[in-house]
Every structure is written in C-alpha cells, then in structure tokens.
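Structure first, commentary second.
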Amino acid sequence: MTDYIPALSAHEIARKVRRGEYTARQVTEAVLAHIARVDGCPGQLDGDPNAEPDRVHAFITLTAERALAQADAVDAKIAAGEDPGPLAGVPFTVKDIFTVKGTLSSAASRILENFIAPYTATPVARLEAAGGVILGKVNLDEFTFGSSNESSAYQPSPRNPWNPARVPGGSSGGSAAAVAAWEGALSLGTDTAGSIRQPAAFCGVVGLKPTYGRVSRYGLIAFGSSLDTTGSLARNVTDAALMLQAMAGADPHDGTAVTLPVPDYLAALPRGVEGLRIGLSPDYFRITYPDPQSGELYEEPLPDEIRAAVMHAAEVLAAQGAEIVEDVPMPHTRYGIPAYFVISRVEAASNLHRFDGVKYGYRTPQKVRDLHEMYRKSRGEGFGLQPKLRILMGMYVSAAQYSAQYYNRALKIRTLIRRDFEAVFDPQGAYRLDALLTPTTPTPAFPIGGVYGDSVLMQYADQLTVAANHAGIPGISLPGGLNAEGLPLGIQLLGPDFSESTLFRIGYAYEQATAEEAWRATRPLVVR
Amino acid sequence: MQEEISPEIFNHMVELAALELTPEEAAYLRGQLNKQLQAVHALQVIPLDEDTPIASHGVPYPPEISPAPRADEWHPDPNREDIIAQMPAVEDGYIVVPDIPHEELE
Amino acid sequence: MEYEIIIGLETHIQLNTTTKIFCSCKADSWGEAPNTNICPVCVGLPGVLPVLNRSAVEKAVLLAAAMQAEIRPLSYFDRKNYFYPDLPKGYQISQYDRSLAYGGHLEVPMPEGYVRRVRIHKLHIEEDAGKTKNENGRRLIDFNRCGVPLIEMVTAPDIRTADEAAQYLIRLRQLLRWLGISEADMEKGHLRCDANVSIRPLGADYLNPKTEIKNVNSIDAVRTAIEAEVKRQSREVESGGKVKPWTLSWDEDSGRLSKMRSKETEADYRYFREPDLLPIRLDEAWRQSILAELPELPLARRARFMGQYGLLEYDADLLTGERSLSDYFEQTVQAYQGDPKRVANWLLNDVMRMLNERGKTAGALNLTPQYLAEIIRLVDEGTVNTPTGKALLEKTESTEKSPREIVASEKLARVSDTAALRQMCEKILAENPEQVARYRSGKIGLIGWFMGQVMQATRGKADPKATRELLQELLDG
C-alpha cells in the first residue's frame, strides 16, 4: 500500500524518514506538489479577495527552494548515520508573525511589506534543528488582529478547507487551513486570545496554546506581550505533543521563558484518564453578546450542536474512567473579552510604536515636510484598519487620565479571572480538577464577510478561549465532530499551569476512544 | 448610544498615535472605538476589593522557574549587514530621516 | 529683595558594564563608526525581547546602597512610550512607580566648611537612546548607544547655590568612580545633568514655578548655567514678571540659555509594566553578595584618615579623592609602620606628581606601597639622604626593581663610616693648604666650600652632619 504522503501525520513521516522508507526530499516534493494542487495563488498586497474562491490560499510566501535544501540536509544526516532529529523530514508551515532569517516576515501587514528578517525566531530554529522542513510562511489576520483572517493585507486570505465560503478562523487561519488541507503536517501559530484554538476548531484540527512562558516568544512579532503564546497546530494530539516537545524550554533570548524542565509529553500520552477529574462549567455554555445596534449585552445559551459535542466528549471520557464534575463555577469568564479589549490594546499600541518608517519596513514614498509627517504618512499608509483601531483604543485606555478607570481595573479583573482557575484546580479545593472541558468557540466557522467589520462581534468569537490567556494557563482545542452542515466543532480542555502533559493525555484518550466514529473518516472538502 | 470619544478627543489621539487617516477610516474607527468602550463598561460594574492586586502576567513566576538575569558577556551580533540592509535610507552608516521641526524660541 | 535659590538635579549615569542592559552588544562604543555596535534587540527589530544584564542591576544596587537609599526586594520595569527617531522601539524601558530604590542622600562638604545634605527622591535603571545629529536639514541616526545601561537619579530640591550644585556633581563623580560603576566622564556623556531651578524670597516656605535646564554637561556648565538662570529669574521677578515653567537648553559654547518648549505640553508617556521582563527579584543572598563588594565610602574614609592618622582635612581630602590612591596610602602606612603623616607628605608632594605626569592611578604604579615604605625607611635610617630618596621613586618606577637593590647596585648608600669619611676629609685638607690657611685665619664660612668638596668626591653620599663635625674637628683642632 502506498501512502498519500501529504495525508500522513508528523509522527508517521518522522518515523518513515528515519527508517529510510522515504527520503525527506520525497516527502517535501510530495507536499509541495499537493500545495500546488489545493492552495491556489498566495496572498499578496492589493490582491483580489475573491480570486480562486475554491482554493485554500493558506500561504503568503512559499519557500520551496529553502525547503528542499533543508530536506537534503536531513537526508545527508541520515546517510552519514547521524541522528536527523525527532521531526526528521516533517514538513511544516510558519505563521507569518514569526521571523525566519532571509524570508519576508510580513505580519500580514503592508508596513512590513519589504522586511526580510535578519534573524530566526527561537521556536522556528528549534523545529528546524529537530529535522523539520519549513514549507513557507502562512497567512494570518494583520498583526494577528482578528478571528477570521479576513483582515490580512495579503489577499485572497485563507478559506476554510471544509467549506471555502467560510472563514478558517483567526488569527492563525493560514496555519489551521494549511494543516487541515494537508499542506504540511504541522504549523507554528500564536495564541493571544484564542488565535490557535479558534481556527483549529473551525478547521477541525488540534490546536495547543501552551502555558505562558513554556515556549519562547523570541521572534514572535508581538501583539499583547503578556498574553501572546507560541503553540502548535496539528492533525492529531500526538503530533501536537511532538511539536511542543521540540519547541518548549528556556531560551537565553526570552527572559519570560521559564526554566522548568520539559517533561516527556509523548511518554505520557497512553496513560489514559482513569481517576482524572474533568469539570464542566455552566459559564462556558452560555455566551454574552453585545447587540450590534444598541450595544446592550445579552446572554444566550450556546447552540445545541456545540453543547452536544462537549457532552458527548464528557461521556466518552467518563466511559474511559474519568470523573466528570458538573456545575463548576467560573464566574468571571464573561469579563474576559472586556478586560481583553483594554489589556491587549495597551500592549499592542506600544508594540506597534516601533513601526515608524525609520529603520525597517514601509516608509512613505510621498514627499514630506518633516519627520512627524513621515511618521504619520508611513503609519497611515502602512497599517490597515485593525492595527489602527488597536493603537487608538490602547492609547485611550492607557492615557494618564483614564488608565486607573480602564487599564488598572482590567488588570485587577484579570486577577479575578486567574483566581477562578486557581480555585477549581486547587488540589486541596472543593473541585480538585485536572482539567475543564468546554466548547472552543460559540459557533462553527462563520461565512466570509459575515462578521468582519464589526470589531466587537468579531472579538466575542474568542469569548471561551481568552480566559486562558488572561490566566496564562494551557488550553487545547480538539476536533469534536461535525455539525449538520459538515462544519467542524471544537472542544477545549483547560488545565493548570504547565499541565500540557495532562491535556495531551486526555486528548489522546478521547481521540482513541472516538477513532471509529463516522465523522473521523470525513475529509475536508478540498482534499476529498 | 453615548459617544465617549468625541471627534475632538479622537483627533487628538490620532495626532498622538502619529497616524494619518482618510475621512472614511476616521469615521469607521471612531464608531468602532465607541462600541468597544461600551463593551468595556461591563467592567465598571464588577465589585472589586481595593486591595485586589493587578496581574501583569497570568502565570505567577515563582523564583524557582524564573530565568536568572544574563551574564555580562559580549557576543557581537553576526547580522549587522542584514539589519543595515533593512534600513530605508542609509548614508555613511547613518540612518537618514527628515528633520524634526524646531521649537526653540529664543 | 533677597532671594533663596532652590535647585534640584536630575542625573543620568552611564554604567561601565561590559555589555548593554538588554542585549549582548558592547556598552562602550565611544568613537566607533555609526551603527556598528548593533543587534536585532537594540535596533528594536520586530519580534525581539529584552534580557536583563545582571551586572547592570548589581552596579545600580551598589550606588543605591552608597546613597543610603531604600532598595526594593522587588522592583519592576515599565515602558515609557514616545516617538523619537533615536528610540527604536518607540518606548524606553525604564522604571516608574516601583523603581529599584528610593530615598537616600549624599553629604556634600563645601569648601566653606559646611555640609549640604542632598536627599534623593528616586533612583532607577533604564536604557539609553541612540544619538542623532542634524545635517543639511536632515537628521542622521546612530544606534550604537541604544540600550547602554543608565541610572537616573533625581534629587530633592535641597541645593541652594550654583556652587553646591557643582560640588554635588564633583562628589557624585568621585563616588561613581570610587564604586567602580561608571567612568563618570562628563565629556563622554557618562554623567549627564539637568537642573531644575527656581527662586523665592528669603524665608518663604513655598516653591515658585521652576525651569528645567537641559544639557548641563560639565561641572563648569552647571555653575555658570545656574548662575545665569538665577540672574534671569531675578530680573524677571524684579521687573514685575513671572517665571514660567519653561524647559531651557544650555549652549556651552556660547554660554547662553535658550527656551525649548512649554512644560504644559509635556507628553503623556502612558507608562505601563514592561510585560517582556520579569521584576527584578533581589533576594537576600544576591543582595548580600552585591553589598559584600561595597567599599568604605570616600567621606567616611576621609574622616577616618583624620582621626586614625592625624591628617589635616585638606590632606585627607586629597588622599581620598580617588579610591586607588587612598588604598595606596593605607597600604604604605601599614608597610611603613611609622608616622602616617610622613607617608602623606611623600604621597602628596612626590607620588601625586608622578601619577599626574604618567597619567596612572596609584594602583597601577610599579612603585608599590611596599617599595615606597622601603624608600621612606631608607631615608629615615640615614642609608640615603632625602634627594637620593626622591630620586629612588623614579628609579623604582622605571626599573621595577626594589629600592634596596637599586641602592646596592648603584652604590647610592650614604657614606657614614667615620674612618672612611675622616680619611676623605684629611685628603681634601691636605690637597688644599691655601683654603685651610684662610679658614684658620678667620674665614670660617669656607666650611661650606670644604663640605662641597667632600660631597663632590663622594657623589653626595656623605652624611652631611658627620662630615661637618669631622671637618670642624680637623680644621679647628
């Protein structure tokens, strides 16, 4: 039996390459050929958003030559009898928010249209050192500011491989779409409010947001520095674990990357869920939405299909021996988005100060009278609407006269959100949970153009994921079935600090127990 | 809907943010800002103890997992030429930008 | 009307670490070509993160301890946001409301005899910006200096005269060098100063609006700029006007103040905690290991030198002007085991001149404290006379041999063997019968001529006292 190589998972590819069943070059060539079939034109500045509407458009930059050279280096190691690394020959993509030396590192923004990074991000360098092969840089919301990928300055933006009329989610939309469409087994993403987990849920793949500080942020072009995390998108839990294993750990270039030793994630996978306490919280089964007209907040239950997917997972896990704990209170969940509107914007406004046309990136070609005009024109022309919105919001809520009312208050609310988690994960507490099981998103993938433009409604797509970013804790989104329209539904596991191993274990048990369910055999539309 | 950010406040912020906006952009952005602030006002009603600490990071960073400050050792960077290559205007090693308006009066 | 002058100083101190505060580029790139001492971090490339230099914290803690400031066990970095082309990230990493240290003071002894105690409001760590210069209506930018570690130290408005301000800087510079944390060379911008100046009627207890003078970057400039500003403010008030809270710039070349911008329009820096850096956690073990390196401070040592060694204040001050010299003095005193004042005289008269001529610090001399003590002892015990002793200083410094070796190899020892000296004197008398006759006829002043002959014959090694006695005995006898 011959494999269709692009459909293979990362751990299968690594095993076969290490054994010599395939060369890394064979794998890379096969995946590049697959990309040529399904991806269509890459996103480009001033590109047509509606071009080739049946293709994925995951990429901004395909680095085929570089990939083949890397693959050859892996093959040379194997030929020389050296260890090619745990990701030997595994093709992966990188969200274009990470720097990779010698490649365009655009953040999907015009303001970095010509920025060729002079250095490589630590997580990228570690994946490469482990034998991984970078296929290219994939699309995202501009500077990661969005939940649909539509805000990219590079169009067409990615489409959902299950239904190209739907968004892939965001901001790691290119990453999730690429992994779902077999354009690389893994993708490196970032998660600031749900930017890995939400697109993973929309595209039916696994998305891990590790604990803050578990993986280096060096080379991640910052959005909200206290919330940003580097994580994995993969087609199964084993691959997500394999990828984290290669990236995690202290980094001399990141003073916030913890020195805690990295456990053996793969070894923990088959341990099962016997005796683990997994919680369900009513606060994750309702959602607060602002009315688009009046702005009034109103609460409503989640759609039945989402609730059903989570309850099904709870039953599956209970059957495997987990103890399901119901009615776990998480009262501050609903304040996650309002607090995020403040905290992330303050950090974003500051992080975007450096894009001023002075030392790299876009500088206005227009004639200017003085330096200030150069700043205004370069930033005005270089930034899209979403960065501008975040800059202005951040400046407003951190201005001296408003910062106590907004920023400091939001930071205190953040403490309360964290305390919700500490209380239920406390081994001496009333709930003593190992993990919370929740939906990842309030809805499945929405139609392209359905929400974009309403920045408030868009942000509420992250309502169930953002609390983990405030609290710093790890979260993983797993495929939890398909709805009646054939769109993926995501379920989420949240655990205490540095409990990635436990989340993988639960995810793996769930994956094994549902392996024979019918939806597991269904492929995304673009690869049927 | 109450407008917290008036056109005057908005224009002042645009100036501080060093942005030049088209009228359409300005109208959209000001509208969105006011909507977002309305969502943010949900925070105002939460009862808060005066002594609730602020959280700069979610993860608490106890000393045993916090990286130590780095040793004071010189490692020249090998990427200087690549960094210079990114600069929009360079002359004799200097980055060149337009002048800053003078405000000296006397 | 008589006025009281109120001055506060804001100083920026460049630490002499090997590397920058948040990256591994060199801290000191003085005189190097523009944009050669840079890396992704200090140029603020997208995606980079700061990593704190341990040594910068340690040097700042030493200064804080020397100022007797309160040092916080947990202090935080904050971002100060503003646009300027020499600031690549668009924000400066600084410390705001929870800085490394606060409080403390510096005692400033004035030449007039009183001591001005200047309190310190705030002491914090921050990164330096790059340099810009104007050329033909364009601005040229060099990032070499970006990220050099600075300490910003702000005094309370405790200074009352321009001279006190100058003395404060002199004492601060002395302290920084003493602690070994900054080269404190004002010409190279290692120590920069802004002065806040206001006046009020003598006896008033309120503060008037102040002006801030930027760029007063030499001791002389501090004195002259403040004096000029006090005159300007007095004229303003006396002509019925009001002092406005301007920011002024001091042009050292022309000796003129010019107005920069109005204080009311001061930017809102939107300070917030730097999320990319953990707080500085100064645990007790680290704190102790840093403070173990804290030396006795200059003013304390000066007082001790006066008490312990009986030195005059003036001499004690000179000997504690610089740490290496004061250490040298004490080591010499120990090696010498005699009157410390005698050591002080040798140091202040002769060794200091050598140091100045050679541009060396005392610690770098080949003439070690042991050698200096040996030379003084050689003179004391009469082995060499004083001129020979002084010549030995130079010889020891240039040959790196011990003074005793030099005395032996160059036969410099004084001739005090009476028999040999008597023989020499008899020979000279015998060779000069005419002079002997004139002496004996009453020209006793000729004793000096005979002394000279003996000294010439012995190349200065004859003991003058013994020679005189012998000559008198032979001539008068």
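No lab work stands behind these numbers, since they all come straight from the coordinates. This one's a predicted model, so the numbers in the text were calculated from it and none came from an experiment. A quick note on method: Cβ atoms are made from the backbone with ideal geometry, for glycine too, and the neighbour counts reach across all protein chains shown.
Here is how the numbers come out for the structure above:
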read-out: Any hit, segment C:352-361, residues being farther than 20 Å from residue C:324 by Cβ and touching a helix residue (DSSP H, G or I) at 6+ places or on another chain (Cβ under 6 Å); value: no
read-out: Segment A:177-194 - residue that is assigned to a strand (DSSP E or B) and of a type in the set (A, V, I, L, M) and, of those, nearest to residue A:351 (Cα to Cα); value: A:188
read-out: Conditions (1) under 24 Å from residue C:259 (Cα atoms); (2) assigned to a strand (DSSP E or B); (3) not polar (S, T, N, Q): number failed by residue C:222; value: (2)
read-out: Enumerated helices (runs of 4 or more DSSP H) restricted to segment A:292-394, each holding at least 1 residues that are touching a Cys at 6+ places or on another chain (Cβ under 6 Å), away from chain C (no Cβ under 13 Å) and closer than 23 Å to residue B:95 by Cβ; value: none
read-out: Helices (runs of 4 or more DSSP H) (entirely within segment A:1-118) containing at least 3 residues that are basic (Lys, Arg); value: A:10-19
read-out: Wholly within segment C:333-428, helices (runs of 4 or more DSSP H) carrying at least 3 residues that are within 26 Å of the chain's Cα centre (by Cα) and aliphatic (A, V, I, L, M); value: C:352-358
read-out: Failed item in (1) more than 13 Å from residue C:7 (Cα to Cα); (2) free of Cβ contacts under 8 Å to residues at least 60 places away in the same chain, with residue C:119 passing the rest; value: (1)
read-out: Those residues of segment A:195-214 which are closer than 10 Å to residue A:490 by Cβ and either assigned to a loop (DSSP other than H, G, I, E, B) or of a type outside the set (Phe, Trp, Tyr) (or both), in sequence order; value: A:197, A:198, A:199, A:200, A:201, A:203, A:204, A:205, A:206, A:207
read-out: Among the residues listed as C:270, C:281, the single one being on the phi > 0 side of the Ramachandran plot, surrounded by 15 or more Cβ atoms within 10 Å (Cβ to Cβ), within 14 Å of chain A (Cβ to nearest Cβ) and of a type in the set (Lys, Arg); value: C:270
read-out: Pair list, Cβ < 6 Å and 6+ apart or interchain, from segment C:32-45 residues that are facing chain B (nearest Cβ under 7 Å) to residues that are outside any loop (DSSP other than H, G, I, E, B) and surrounded by fewer than 24 Cβ atoms within 10 Å (Cβ to Cβ); value: C:34/B:94; C:34/C:142; C:35/C:142; C:43/B:83
read-out: Single residue of segment A:271-291 satisfying the filter (more than 25 Å from residue A:230 (Cα to Cα) and part of a helix (DSSP H, G or I)) that is farthest from the other protein chains (Cβ to nearest Cβ); value: A:271
read-out: Looking only at segment A:395-415, and only at residues there that are of a type in the set (Val, Ile, Thr) and facing chain B (nearest Cβ under 7 Å), the one that is farthest from residue B:29 (Cα to Cα); value: A:415
read-out: Residue, nearest to the other protein chains (Cβ to nearest Cβ), within segment A:473-487, restricted to residues that are under 16 Å from the mean Cα position of the chain (by Cα) and either part of a strand (DSSP E or B) or under 25 Å from residue A:391 (Cβ atoms) (or both); value: A:475
read-out: Residues of segment A:416-429 that turn out to be among the aliphatic types (A, V, I, L, M) and within 11 Å of chain B (Cβ to nearest Cβ), as a count; value: 2
read-out: Yes/no for residue C:116 being within 14 Å of chain B (Cβ to nearest Cβ) and at negative phi; value: no
read-out: Residues within segment A:104-116 that are buried (at least 24 other Cβ atoms within 10 Å of the Cβ) and either in contact with a Leu (Cβ under 7 Å, 6 or more places away or on another chain) or without any contact (Cβ under 8 Å) to a residue 40 or more places away in the chain (or both), tallied; value: 3
read-out: Qualifying positions in segment C:46-63 - out of contact with any strand residue (DSSP E or B) (no Cβ under 8 Å at 6 or more places or on another chain), among the hydrophobic types (A, V, I, L, M, F, W, C) and more than 8 Å from every other protein chain (Cβ to nearest Cβ); value: C:62
read-out: In segment A:378-406, the residues that are under 26 Å from the mean Cα position of the chain (by Cα), surrounded by 24 or more Cβ atoms within 10 Å (Cβ to Cβ) and more than 16 Å from residue B:18 (Cβ to Cβ); value: A:386
read-out: Segment A:75-89 - residue that is in contact with a Gly (Cβ under 6 Å, 6 or more places away or on another chain) and of a type in the set (Gly, Ala, Ser) and, of those, surrounded by the most Cβ atoms within 10 Å (Cβ to Cβ); value: A:88
read-out: Pick from segment B:77-90, criterion surrounded by 12 or more Cβ atoms within 10 Å (Cβ to Cβ) and over 15 Å from residue A:362 (Cα atoms), ranking: farthest from the other protein chains (Cβ to nearest Cβ); value: B:80
read-out: Subset of segment A:430-468 that is among the aromatic types (Phe, Trp, Tyr) and away from chain B (no Cβ under 14 Å) - its residue that is nearest to residue A:500 (Cα to Cα); value: A:431
read-out: Considering residues of segment C:19-28 that are in contact with a Ser or Thr (Cβ under 7 Å, 6 or more places away or on another chain) and in a loop (DSSP other than H, G, I, E, B) only, the residue farthest from the other protein chains (Cβ to nearest Cβ); value: C:27
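Here's the yes/no breakdown for (1) more than 7 Å from chain A (Cβ to nearest Cβ); (2) crowded, with 19+ Cβ neighbours inside 10 Å; (3) among the aliphatic types (A, V, I, L, M); (4) not in a helix (DSSP H, G or I):
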residue	(1), (2), (3), (4)
B:8	yes, no, no, no
B:12	yes, no, no, no
B:32	no, yes, no, no
B:38	no, yes, no, no
B:49	yes, no, no, yes
B:55	no, yes, yes, yes
B:68	yes, no, yes, yes
B:75	yes, no, no, yes
B:97	no, yes, yes, yes
